[in-house]
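Taking it in order: structure first as structure tokens, then the write-up.
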Amino acid sequence: MTILRQRPLVFDNACGCVVDEEILARAMLAFTDKPLLSRKRIFMYGRYPAISIHGQKIHIHRLVAWYCLATSLVAHLVVHHRDGNPLNCAVANLAIITDSIHATNHLKGRSLSAAHKAKIAKANRARKGHQIAKRVDIDLGVLHEMLAQGRSINAIARHFHVDWSTISARIHENPELVKAE
């Protein structure tokens, strides 16, 4: 059965968030191109109130900011609650700022303990994605001797317990290692 017109949206505010329901209804209709069910429930999704639009959970503050401030929310932009209350999603309480400024505002005046810094460092090391390899110190004298003996780059790499590209990089950085005597 196809719905020919959109019925007025009625909200069940289960979490008690502060939001202009008329603006929220217009934002939801602008977000989708299909009609919505007339009864919608506002619920907590993580630390913020959210609403479901065709099975997609969307935080209300992001939806309202997207609609009212007419800007796309790319990855480095966040919606900041000016009063610090995540349940206050009124348009006057929302501001779009960069994530670095947002982190600065929330961390101002705080000092982290050594244990907390260690947890952050551990989480950063475990993070997937591009990781910077640690530089391995190789004794250039031993490397020069092994090259003079005619050993292969792979054999030298096995001796130092590194990848062959590390040995190749050291040779490239120190061309005097392969000069004829």
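Which of the listed residues, 156, 19, 95, is farthest toward the dipole's positive end in the chain, when Lys, Arg count +1 and Asp, Glu count -1 at the beta-carbon?
The residue sitting farthest along the positive end of the dipole is 19.
Take the chain, drop everything but the C-alpha atoms, weight them equally and run the Debye formula without solvent; then report log10 I(q)/I(0) at 0.11 Å⁻¹ to two decimals.
-0.68
With label points built 7 Å along Cα→Cβ from the Cα atoms of residue 98 and residue 52, find their separation and express it in nm.
3.8 nm
Straight-line reach only, C-alpha to C-alpha below 22 angstrom: list the lysines that residue 108 could link to, leaving out same-chain residues fewer than 8 apart.
Within reach: 117, 119.
Run the helix sum for the chain: -39,500 (n - 2.57) per DSSP H stretch of 4+ residues, divided by residue count, reported at 222 nm to the nearest 500 deg cm²/dmol.
Values: 7 runs with 69 residues, N = 181.
The helix-only estimate for the chain comes to -11000 deg cm²/dmol at 222 nm.
Quick query: amide H of residue 44 versus all other amide H atoms, modeled in the peptide plane; which residues come in under 5 Å with a sequence gap of 5 or more or a different chain?
For residue 44, whose amide H was placed from the backbone, the distant partners under 5 Å are 50.
Over the chain, what is the relative contact order in percent, taking alpha-carbon pairs closer than 8 angstrom and at least six residues apart?
Details: 168 pairs, mean separation 24.6, N = 181.
Reported as a whole number, the value is 14 percent.
Normalising by the residue count of segment 10-102, find the relative contact order in percent from Cα pairs under 8 Å and 6+ residues apart.
Numbers: 130 pairs, mean separation 25.5, N = 93.
It rounds to 27 percent for segment 10-102.
Considering the convex hull of the alpha carbon atoms of segment 10-107, report its projected area averaged over all viewing directions, in nm², one decimal.
Working: hull surface 24.8 nm².
Directional mean of the projected Cα hull area for segment 10-107 stands at 6.2 nm².
Let's see if you can work this out: charge +1 on each Lys and Arg Cβ, -1 on each Asp and Glu Cβ, no other charges. What is the dipole magnitude of the chain about its Cα centre, in debye to the nearest 20? Spell out each step's value before the answer.
Working: 25 positive and 14 negative charges, 151 e Å.
Here the size comes out at about 720 debye.
Among 118, 59, 172, whose Cα sits farthest toward the positive end of the charge dipole of segment 53-181 (+1 at Cβ of Lys/Arg, -1 at Cβ of Asp/Glu, about the Cα centre)?
Sorting the options by dipole projection puts first 59.
When the Karplus curve 6.51 cos²θ - 1.76 cosθ + 1.60 is applied with θ = phi - 60°, which whole-Hz ³J(HN,Hα) does each residue of segment 70-82 get, with x for Gly and Pro?
Per-residue couplings from phi come out as 6, 9, 7, 9, 6, 4, 8, 9, 10, 9, 9, 8, 4 Hz.
Would you be so kind as to identify which of 50, 80, 30 lies farthest towards the positive end of the dipole of the chain, taking Lys and Arg as +1 and Asp and Glu as -1 on Cβ and the Cα centre as origin?
Selected residue: 50.
May I ask for the distance between the Cα centers of segment 133-148 and segment 5-83, given as a whole number of Å?
When both Cα centres are located, 60 Å separates them.
None of the figures in this text is laboratory data; all of them are computed from the coordinates on show. As the structure is a computational prediction, the values presented were derived from the model and not from experiment. Cβ coordinates were reconstructed from backbone atoms using ideal geometry, including for glycine residues, and neighbour counts include every protein chain displayed.
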